[in-house]
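The values are calculated or read from the model by the stated rules, or taken from the named source; none is laboratory data. The structure presented is a predicted model; accordingly, all values stated were derived computationally and were not measured. Please note: Cβ atoms are built from the backbone with ideal geometry, for glycine as well, and neighbour counts cover all protein chains shown.
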Amino acid sequence: MWIRSTLAYRTSFVLMALGNFAASALDFVAIVLMFSQIDALGGFTLPEVAFLYGTATLSLGLADLLLGSMDRLGARVRDGTLDTLLLRPVPVLAQVAADRFALRRLGRIGQALLVLGWSVTRVEVDWTVGRVLLAVVTVLSGAAIFAAVFTAGAAFQFWAQDAAEVQNSVTYGGTTMLQYPPTVFARDLVRGVTFLVPLAFVNWLPALRLMGRPDPLGLPGWADFLGPAVAALMCAGAGLAWRHGLRAYRSTGS
(Lines give C-alpha, C1' and ligand atoms only; values in the text may rest on other atoms or scores of the structure.)
Protein backbone atom coordinates (compact mmCIF):
# COMPACT_ATOMS: atom_id res chain seq x y z
CA MET A 1 0.00 0.00 0.00
CA TRP A 2 2.76 2.42 0.93
CA ILE A 3 4.72 1.60 -2.24
CA ARG A 4 1.65 2.29 -4.39
CA SER A 5 1.05 5.51 -2.49
CA THR A 6 4.64 6.58 -3.05
CA LEU A 7 4.64 5.79 -6.76
CA ALA A 8 1.37 7.66 -7.28
CA TYR A 9 3.48 10.85 -7.20
CA ARG A 10 6.53 9.72 -9.11
CA THR A 11 8.23 13.10 -9.39
CA SER A 12 7.96 13.51 -5.64
CA PHE A 13 9.35 9.99 -5.12
CA VAL A 14 12.32 10.65 -7.43
CA LEU A 15 13.11 13.92 -5.68
CA MET A 16 12.93 12.31 -2.24
CA ALA A 17 15.10 9.38 -3.36
CA LEU A 18 17.64 11.82 -4.80
CA GLY A 19 17.56 13.77 -1.55
CA ASN A 20 18.22 10.58 0.38
CA PHE A 21 21.06 9.80 -2.05
CA ALA A 22 22.58 13.25 -1.61
CA ALA A 23 22.27 13.24 2.19
CA SER A 24 24.04 9.90 2.35
CA ALA A 25 26.68 11.01 -0.16
CA LEU A 26 27.70 13.96 2.02
CA ASP A 27 29.36 11.53 4.44
CA PHE A 28 31.57 10.21 1.67
CA VAL A 29 32.25 13.71 0.35
CA ALA A 30 33.67 14.53 3.80
CA ILE A 31 36.00 11.52 3.52
CA VAL A 32 37.13 12.56 0.04
CA LEU A 33 37.83 16.10 1.25
CA MET A 34 39.83 14.67 4.13
CA PHE A 35 41.96 12.65 1.73
CA SER A 36 42.62 15.75 -0.34
CA GLN A 37 44.90 16.76 2.54
CA ILE A 38 46.31 13.37 3.58
CA ASP A 39 47.52 10.20 1.88
CA ALA A 40 46.31 7.69 4.46
CA LEU A 41 43.96 7.58 7.45
CA GLY A 42 45.05 5.23 10.20
CA GLY A 43 47.24 3.50 7.60
CA PHE A 44 44.32 3.02 5.17
CA THR A 45 44.15 4.50 1.67
CA LEU A 46 41.08 6.16 0.18
CA PRO A 47 39.93 3.03 -1.74
CA GLU A 48 40.25 0.97 1.45
CA VAL A 49 38.24 3.49 3.49
CA ALA A 50 35.72 3.63 0.62
CA PHE A 51 35.35 -0.16 0.87
CA LEU A 52 34.62 0.15 4.59
CA TYR A 53 32.19 2.97 3.86
CA GLY A 54 30.41 1.06 1.10
CA THR A 55 29.96 -2.18 3.03
CA ALA A 56 28.78 -0.48 6.24
CA THR A 57 26.39 1.90 4.47
CA LEU A 58 24.97 -0.79 2.20
CA SER A 59 24.32 -3.11 5.15
CA LEU A 60 22.56 -0.33 7.04
CA GLY A 61 20.63 0.70 3.92
CA LEU A 62 19.21 -2.80 3.44
CA ALA A 63 18.21 -3.09 7.10
CA ASP A 64 16.83 0.46 7.12
CA LEU A 65 14.71 -0.23 4.04
CA LEU A 66 13.10 -3.27 5.67
CA LEU A 67 12.95 -2.22 9.33
CA GLY A 68 13.63 1.50 9.41
CA SER A 69 10.07 2.23 10.54
CA MET A 70 10.56 0.34 13.80
CA ASP A 71 11.41 3.57 15.61
CA ARG A 72 7.74 4.55 15.28
CA LEU A 73 6.75 1.86 17.76
CA GLY A 74 7.32 4.12 20.78
CA ALA A 75 4.66 6.57 19.57
CA ARG A 76 2.20 3.72 19.02
CA VAL A 77 2.83 2.40 22.53
CA ARG A 78 2.30 5.86 24.03
CA ASP A 79 -0.98 6.61 22.25
CA GLY A 80 -2.34 3.05 22.29
CA THR A 81 -2.65 2.69 18.51
CA LEU A 82 -0.63 -0.52 18.70
CA ASP A 83 -3.91 -2.14 19.75
CA THR A 84 -5.10 -1.84 16.16
CA LEU A 85 -2.20 -3.93 14.93
CA LEU A 86 -2.89 -6.62 17.53
CA LEU A 87 -6.37 -7.16 16.11
CA ARG A 88 -5.17 -7.99 12.59
CA PRO A 89 -4.32 -11.57 11.51
CA VAL A 90 -0.77 -10.53 10.55
CA PRO A 91 2.39 -10.63 12.72
CA VAL A 92 2.79 -7.35 14.58
CA LEU A 93 6.50 -7.20 13.69
CA ALA A 94 5.66 -7.26 9.98
CA GLN A 95 3.03 -4.55 10.40
CA VAL A 96 5.33 -2.25 12.37
CA ALA A 97 8.12 -2.76 9.81
CA ALA A 98 5.75 -1.94 6.95
CA ASP A 99 4.23 1.10 8.68
CA ARG A 100 4.92 4.11 6.43
CA PHE A 101 7.34 2.03 4.35
CA ALA A 102 9.75 4.54 2.78
CA LEU A 103 10.84 3.50 -0.70
CA ARG A 104 12.97 6.65 -0.87
CA ARG A 105 15.55 4.81 1.24
CA LEU A 106 16.67 3.17 -1.99
CA GLY A 107 18.68 6.35 -2.48
CA ARG A 108 21.03 5.39 0.36
CA ILE A 109 21.40 1.87 -1.06
CA GLY A 110 22.17 3.19 -4.55
CA GLN A 111 24.78 5.60 -3.23
CA ALA A 112 26.46 2.87 -1.17
CA LEU A 113 26.54 0.54 -4.18
CA LEU A 114 28.27 3.20 -6.28
CA VAL A 115 30.96 3.81 -3.66
CA LEU A 116 31.41 0.09 -3.05
CA GLY A 117 31.68 -0.62 -6.78
CA TRP A 118 34.31 2.09 -7.19
CA SER A 119 36.32 0.84 -4.21
CA VAL A 120 36.30 -2.77 -5.44
CA THR A 121 38.01 -1.69 -8.65
CA ARG A 122 40.64 0.38 -6.79
CA VAL A 123 41.46 -1.54 -3.63
CA GLU A 124 44.48 -3.84 -3.79
CA VAL A 125 42.70 -7.18 -3.40
CA ASP A 126 43.06 -10.26 -5.58
CA TRP A 127 39.36 -10.93 -6.12
CA THR A 128 39.02 -14.70 -6.16
CA VAL A 129 35.63 -16.44 -5.99
CA GLY A 130 36.11 -17.00 -2.26
CA ARG A 131 36.86 -13.33 -1.58
CA VAL A 132 33.88 -12.17 -3.64
CA LEU A 133 31.67 -14.58 -1.70
CA LEU A 134 33.08 -13.27 1.59
CA ALA A 135 32.30 -9.69 0.53
CA VAL A 136 28.71 -10.61 -0.35
CA VAL A 137 28.22 -12.53 2.89
CA THR A 138 29.72 -9.60 4.79
CA VAL A 139 27.08 -7.19 3.45
CA LEU A 140 24.20 -9.59 4.08
CA SER A 141 25.41 -10.51 7.57
CA GLY A 142 25.88 -6.84 8.37
CA ALA A 143 22.32 -6.12 7.25
CA ALA A 144 21.06 -8.91 9.54
CA ILE A 145 23.06 -7.51 12.48
CA PHE A 146 21.58 -4.06 11.95
CA ALA A 147 18.11 -5.61 11.56
CA ALA A 148 18.59 -7.28 14.95
CA VAL A 149 19.54 -3.94 16.49
CA PHE A 150 16.44 -2.29 14.97
CA THR A 151 14.24 -5.06 16.38
CA ALA A 152 15.86 -5.08 19.82
CA GLY A 153 15.59 -1.29 19.97
CA ALA A 154 11.90 -1.48 19.10
CA ALA A 155 11.37 -4.14 21.78
CA PHE A 156 12.98 -1.83 24.35
CA GLN A 157 10.38 0.83 23.51
CA PHE A 158 7.63 -1.34 25.00
CA TRP A 159 9.04 -0.21 28.35
CA ALA A 160 10.87 3.05 27.55
CA GLN A 161 8.22 4.28 25.05
CA ASP A 162 10.53 7.02 23.77
CA ALA A 163 13.91 5.43 23.15
CA ALA A 164 14.23 5.77 19.38
CA GLU A 165 17.38 7.88 19.72
CA VAL A 166 19.07 5.17 21.79
CA GLN A 167 18.46 2.78 18.91
CA ASN A 168 19.64 5.34 16.37
CA SER A 169 22.89 5.88 18.26
CA VAL A 170 23.74 2.22 17.68
CA THR A 171 22.48 1.91 14.09
CA TYR A 172 23.25 5.23 12.39
CA GLY A 173 25.99 6.16 14.86
CA GLY A 174 27.52 2.71 14.57
CA THR A 175 27.50 2.93 10.80
CA THR A 176 29.39 6.22 10.87
CA MET A 177 32.04 4.60 13.06
CA LEU A 178 32.32 1.54 10.80
CA GLN A 179 32.94 3.77 7.79
CA TYR A 180 36.39 4.55 9.21
CA PRO A 181 39.31 2.20 9.96
CA PRO A 182 39.40 0.64 13.44
CA THR A 183 42.97 1.90 13.80
CA VAL A 184 41.77 5.48 14.34
CA PHE A 185 39.75 4.56 17.44
CA ALA A 186 40.84 3.75 20.97
CA ARG A 187 41.44 0.06 21.64
CA ASP A 188 38.79 -0.02 24.39
CA LEU A 189 36.17 1.27 21.94
CA VAL A 190 37.15 -1.39 19.41
CA ARG A 191 36.82 -4.02 22.15
CA GLY A 192 33.35 -2.66 23.02
CA VAL A 193 32.02 -2.95 19.47
CA THR A 194 33.54 -6.41 19.15
CA PHE A 195 32.45 -8.09 22.40
CA LEU A 196 29.59 -5.97 23.82
CA VAL A 197 27.67 -4.72 20.78
CA PRO A 198 29.36 -6.78 18.04
CA LEU A 199 29.20 -4.22 15.24
CA ALA A 200 32.79 -5.04 14.29
CA PHE A 201 31.44 -8.15 12.57
CA VAL A 202 29.39 -5.96 10.20
CA ASN A 203 32.47 -5.14 8.14
CA TRP A 204 35.65 -4.45 10.13
CA LEU A 205 36.84 -8.01 10.69
CA PRO A 206 35.98 -9.48 7.25
CA ALA A 207 37.25 -6.33 5.50
CA LEU A 208 40.58 -6.57 7.32
CA ARG A 209 40.82 -10.18 6.14
CA LEU A 210 40.10 -9.18 2.52
CA MET A 211 42.62 -6.34 2.54
CA GLY A 212 45.31 -8.35 4.34
CA ARG A 213 45.34 -5.98 7.30
CA PRO A 214 46.15 -7.12 10.87
CA ASP A 215 43.39 -7.18 13.45
CA PRO A 216 44.10 -4.47 16.08
CA LEU A 217 42.83 -6.81 18.83
CA GLY A 218 44.86 -9.78 17.63
CA LEU A 219 41.85 -12.12 17.39
CA PRO A 220 42.35 -15.57 15.81
CA GLY A 221 41.89 -15.68 12.05
CA TRP A 222 38.69 -17.70 12.16
CA ALA A 223 36.96 -14.80 13.96
CA ASP A 224 36.89 -12.93 10.63
CA PHE A 225 34.32 -15.44 9.32
CA LEU A 226 31.93 -15.28 12.29
CA GLY A 227 29.67 -12.62 10.79
CA PRO A 228 26.81 -15.02 9.85
CA ALA A 229 26.95 -16.77 13.24
CA VAL A 230 26.94 -13.46 15.12
CA ALA A 231 24.04 -12.23 12.95
CA ALA A 232 22.06 -15.41 13.67
CA LEU A 233 22.63 -15.13 17.43
CA MET A 234 21.69 -11.45 17.46
CA CYS A 235 18.54 -12.06 15.41
CA ALA A 236 17.52 -14.87 17.76
CA GLY A 237 18.11 -12.65 20.79
CA ALA A 238 16.23 -9.74 19.20
CA GLY A 239 13.33 -12.08 18.38
CA LEU A 240 13.11 -13.22 22.00
CA ALA A 241 13.26 -9.60 23.21
CA TRP A 242 10.47 -8.68 20.79
CA ARG A 243 8.22 -11.52 21.94
CA HIS A 244 8.82 -10.65 25.59
CA GLY A 245 8.12 -6.97 24.98
CA LEU A 246 4.94 -7.69 23.04
CA ARG A 247 3.65 -9.93 25.83
CA ALA A 248 4.40 -7.21 28.38
CA TYR A 249 2.38 -4.61 26.43
CA ARG A 250 -0.63 -3.40 28.43
CA SER A 251 -2.02 -0.63 26.20
CA THR A 252 -2.80 2.84 27.62
CA GLY A 253 -5.61 1.73 29.93
CA SER A 254 -8.09 4.09 28.32
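Please indicate, with yes or no, whether at least one residue in the range 20-40 is in contact (Cβ under 8 Å) with a residue 60 or more places away in the chain and touching a Lys or Arg at 6+ places or on another chain (Cβ under 6 Å).
yes
Could you check the range 87-133 and list, in sequence order, the residues that are touching a Ser or Thr at 6+ places or on another chain (Cβ under 9 Å), surrounded by fewer than 13 Cβ atoms within 10 Å (Cβ to Cβ) and at pLDDT 90 or above?
124
For the range 1-13, name all the residues that are surrounded by 12 or more Cβ atoms within 10 Å (Cβ to Cβ) and more than 17 Å from residue 100 (Cα to Cα).
none
Take the residues in the range 15-62 that are among the aromatic types (Phe, Trp, Tyr) and over 12 Å from residue 116 (Cβ atoms); name whichever of them is surrounded by the most Cβ atoms within 10 Å (Cβ to Cβ).
44
Somewhere in the range 93-103, is a residue more than 27 Å from residue 9 (Cβ to Cβ) and acidic (Asp, Glu)?
Of all residues in the range 93-103, those more than 27 Å from residue 9 (Cβ to Cβ) come to 93.
Subset that is acidic (Asp, Glu): none.
So far as the range 93-103 goes, no, none of its residues is more than 27 Å from residue 9 (Cβ to Cβ) and acidic (Asp, Glu).
Residue by residue through the range 1-21, note down the ones that are of a type outside the set (Ser, Thr, Tyr), more than 22 Å from residue 174 (Cβ to Cβ) and out of contact with any Leu (no Cβ under 8 Å at 6 or more places or on another chain).
From the range 1-21, those of a type outside the set (Ser, Thr, Tyr) are 1-4, 7-8, 10, 13-21; that's our starting set.
Now narrow it down to the ones that are more than 22 Å from residue 174 (Cβ to Cβ): 1-4, 7-8, 10, 13-19.
Those that are of a type outside the set (Ser, Thr, Tyr), more than 22 Å from residue 174 (Cβ to Cβ) and out of contact with any Leu (no Cβ under 8 Å at 6 or more places or on another chain): 1, 4, 8, 10, 14, 15, 16, 18, 19.
Please specify each residue of the range 158-216 satisfying the condition of being acidic (Asp, Glu) and either surrounded by fewer than 18 Cβ atoms within 10 Å (Cβ to Cβ) or farther than 25 Å from residue 135 by Cα (or both).
To start, the set of residues in the range 158-216 that are acidic (Asp, Glu) comprises 162, 165, 188, 215.
The answer is 162, 165, 188.
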